[in-house]
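Novice: Let me begin by handing over the structure; questions about it come next.
The values are calculated or read from the model by the stated rules, or taken from the named source; none is laboratory data. Since we're looking at a predicted model, the values are computed, not measured. Virtual Cβ from ideal backbone geometry, glycine too; neighbours counted across all protein chains shown. Accessible surface is based on the protein model in full, side chains and every heavy atom, while ligands, DNA and RNA are left aside. Shrake-Rupley method; radii C 1.70, N 1.55, O 1.52, S 1.80 Å.
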Amino acid sequence: MKVCVVGLGYIGLPTTLMLAAHGVDVTGMDKNIKIVDSLCRGVVTFEEKGLDELFQSAVKQKVAFTDTLGNADVYIVAVSTPYDPVSKKVDAQYVIAAVKDVLAVCPEGAVLVIESTIPPGTIERSIVPLIRKNVHLVHAPERIIPGNMVYELEHNSRTIGADDRNVGETVKALYASFCSGEIVITDIKTAEMSKVVENTYRDINIAFANELVKICRDGGMDVYEIIRIANLHPRVNILTPGPGVGGHCISVDPWFLVGDYPMEAKLIRAAREINDSMPRFVLGRVLEIMKENGLSDFSRVGLYGLTYKENVDDTRESPTLQLLKEIKASGLVAPQVYDPFVKTTIADNQHQTLQEFLDACDCIVVMVGHQQLRENPAMLDGKVVLDTRHIGGITNAQRM
Ligand code: SAJ
């Protein structure tokens, strides 16, 4: 069986390598020639635990990288699905374009697996009308978490949405080549909805923790101690408050349901709004803390961390980028910025060395709890610190 993975991003690349490493004949295709060139030169395109090793195992087997689609039995589409900022509905243009490209070259009887996250009914509404030949559609939403992708690809359970059971079994067998988790076969719409529900569940739970921060700040209570105590109850598991929710999944997918079901998705909308309000809340705390400490020069405020969470190099929708927008909109000068994982310049006053960053700041906002800081919290000694991630060990750190 020949497999072609369309889109070599955060999901497509590890999936291609994993299939190859398990003996599947696979080609990874991306329109971006820079990505293809880099992979052909043996350089993976983003940092992820275990990805280099996986690449080495894959290239010992049958794997190719290309910018043009060719013949295969199974095509796996792993392109991104943004949302329309106004309607909040899914913007399926990349999935639609990828499917059209596949349809132009695939043989009769090919299987098209869509891994990209899409709200329920998308395949029926936007993909089925494109089909002019005998191909089989499957939705197998990805579930892996950046930072632990390689492990989760092998061990997480998977959902295969197929309206034809035999096709579902074929795709299940393909994924079982590397996945030891339970592989559930269901129909397409159920698979679409279950994926969106998983990320929405997490968004709502993070929003609850974030709302507690605001209540406890107002009421003079220690939110972290309260969460610690509440979580001792066997049926309570409150998540960790933070400066907002980033990444291309949890901060996006719940909007699909709000966009399609505006009258029903009230809790989901509220959770999104709470999480989106956190960068503004952080800015309010920074200004309060500066005042308490007699600091007035905002250009000597530093944001530690640009990525959307710790120990990854992914900055998509990151709370720090959201905060930088808030700062700009408030008419304040740009703060200093540093992230050990981000080597390209994406913000004003972005430093490439920690020391240079520390020298430029009096007040530091911990936006991401990277390992670098957790291992050496003393590096912030002598600074006024707002620790939005509650990493502990920082002298005189203020909390949200
Ligand atoms: N966050 C908090 N507090 C928490 C947990 C997370 O503030 O207690 C923040 C993080 O800092 C980050 C954001 O939420 O900004 C999201 O991070 P995450 O680690 O919770 O999740 P993602 O976006 O990296 O990956 C999620 C995962 N989904 C679930 O856990 C339900 C992953 O399994 C999915 O594959 C991925 O979305 C996706 O692609 O949909």
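Novice: Tell me, what % of the accessible area of the stretch 196-399 is carbon and sulfur with a 1.4 angstrom probe?
Specialist: In the stretch 196-399, the share of accessible area belonging to carbon and sulfur is 53 percent.
Novice: Could you state the per residue volume, in Å³, of the convex hull enclosing the Cα atoms of the stretch 2-186?
Specialist: 112 Å³
Novice: At most 14 other Cβ atoms within 10 Å and a DSSP loop assignment: could you name the GluC sites (Glu not before Pro) in the stretch 229-314 that fit?
Specialist: Passing sites in the stretch 229-314 are Glu264.
Novice: If the cut-off is a Cα-Cα distance under 23 Å, which lysines reach Lys343, setting aside same-chain residues fewer than 8 apart in sequence?
Specialist: Within reach: Lys34, Lys49, Lys309, Lys325, Lys328.
Novice: Same structure, new question: Going 7 Å from the Cα of Thr190 toward and past its Cβ, which residues in the stretch 134-162 have a backbone nitrogen under 16 Å from where you end up?
Specialist: Taking a point 7 Å out along Cα→Cβ of Thr190, the residues of the stretch 134-162 whose backbone N falls under 16 Å are 138-141, 158-162.
Novice: Shifting gears a bit: Extension gain Glu169-Glu292, at 0.36 nm per residue separation less the Cα-Cα distance, in nm?
Specialist: 38.0 nm
Novice: Counting pairs on different chains as well as pairs 8 or more places apart, how many Lys pairs in the stretch 61-201 have Cα atoms under 19 Å apart?
Specialist: Qualifying lysine pairs in the stretch 61-201: 6.
Novice: Using only Cα positions of the stretch 196-399, each an equal point scatterer, no hydration layer, compute I(q)/I(0) via Debye at q = 0.08 Å⁻¹ and quote the log10 values to two decimals.
Specialist: At q = 0.08 Å⁻¹ the computed log10 ratios are -0.27.
Novice: On a full-extension model of 0.36 nm per residue, what is the gain between Leu239 and Asp25, subtracting their alpha-carbon distance, rounded to one decimal in nm?
Specialist: 72.9 nm
Novice: Take the alpha carbon gyration tensor of the stretch 267-333, find the square roots of its eigenvalues, order them as a ≥ b ≥ c, and report rounded if a/c is under 1.5; if not, report prolate when a/b exceeds b/c, else oblate.
Specialist: oblate
Novice: Figure the gain on full extension for Gln93 and Ile391 (residue separation times 0.36 nm, minus the Cα-Cα span) and round it to one decimal in nm.
Specialist: Length difference between fully extended and current span is 103.3 nm.
Novice: Counting helices only, and only those DSSP H runs with n ≥ 4, report the 222 nm mean residue ellipticity of the chain as the sum of -39,500 (n - 2.57) divided by its residues, in deg cm²/dmol to the nearest 500.
Specialist: After summing the helix terms and dividing by residue count, I get -12000 deg cm²/dmol.
Novice: According to a simple spin-label model (label point 7 Å from Cα along Cα-to-Cβ), what is the distance in nm between Asp73 and Phe208?
Specialist: 4.6 nm
Novice: From zero outward in steps of 20 Å, how is the percent of C-alpha pairs of the chain spread across the bins?
Specialist: 26, 52, 21, 1
Novice: Kindly express, to the nearest 10 degrees and within the range 0 to 90, the angle between helix 12-21's C-alpha long axis and the longest C-alpha principal axis of the chain.
Specialist: Once rounded, the angle reads 60 degrees.
Novice: May I ask you to give the average projected area over all directions of the convex hull of the Cα atoms of the stretch 87-156, in nm² rounded to one decimal?
Specialist: 6.1 nm²
Novice: Still on this structure, I have one more. Ignoring ligands, DNA and RNA, please state the percent of accessible area on the stretch 1-141 from carbon and sulfur, probe 1.4 Å.
Specialist: 52 percent
Novice: Glu53 versus Ser180, label points 7 Å from Cα toward the beta carbon: distance in nm?
Specialist: 1.4 nm
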